[in-house]
Amino acid sequence: MDKTNIVLAGFMYSGKSTIGELVARSTGRRLLDTDAMIERETGSKVSDIFAGPGEGVFRELERSAITRAASGEGLVIALGGGALMDEANVEKVSGTGVIYYLDLDANEVVRRAAGSSARPLLDGKSVEGVKRLLDGRRDAYLRAADAVVQTAGREPVDIADEIVRDFNQRKSRDQGDV
């Protein structure tokens, strides 16, 4: 199977990092969270990069982190919420991994984000504002995804189990075709 990585993509607060940890633990794979990679390498929080040098600088750092992550094999890769808006990122991760789009609606995003200031693109946004931002990204998520996984109202462990089952089925199918 050429696609040895499990790639988690989706909007902010869709659960990519949490579910990524569970998938990694379940499969014995290493988790690479691209936002965490950037924070570790720069010594700055993503929100501080957005507030300081700006989104453009963050996207360059993100592109570099994704290039490095996608070059590995047998990994779980959790992407930042805007990563799939860049076609170069899509190309990199789709070549080496199965992309799982963790879907949720704007109301769920707002509920999960309540009281947090960790996501600068959500600061001060109403449900309608979040819905506009999410709707602006949804087509890119759907185009890139190999599978769509609903996350609202579900336990992270159940979502992780679904992803592992699906990935193993795909792997078995691909090996049977050889």
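Observations on the model:
- Over the residues of the chain, the helix contribution to mean residue ellipticity at 222 nm works out to -17500 deg cm²/dmol, using -39500 (n - 2.57) for each DSSP H run of at least 4.
- Nearest-20 debye value, the chain charge dipole, Cβ charges on Lys, Arg, Asp, Glu: 160
- Extension gain for Arg138-Ser126 works out to 2.5 nm (0.36 nm per residue, less the C-alpha to C-alpha distance).
- Under the simplified labelling scheme, the Ala36-Ala51 pair shows an inter-label distance of 2.3 nm, with each label point 7 Å from Cα along Cα→Cβ.
- Segment Glu91-Glu73, extension gain: residue separation times 0.36 nm, minus the distance between their alpha carbons: 4.9 nm
- The long axis of helix 16-27 is offset from the longest Cα principal axis of the chain by roughly 20 degrees.
- Global form of the range 1-120, assessed from the alpha-carbon gyration tensor, a/c cut-off 1.5: oblate
- Aspartates and glutamates whose Cα lies under 12 Å from that of Lys45, excluding same-chain neighbours fewer than 8 positions away: Asp35
Rule-based calculations on the coordinates, nothing more; no lab input. Since the structure is predicted, the reported quantities are computational estimates derived from the model, not experimental observations. Neighbour counts are summed over all protein chains in view; Cβ atoms, including those assigned to glycine, are modelled from backbone coordinates with ideal geometry.
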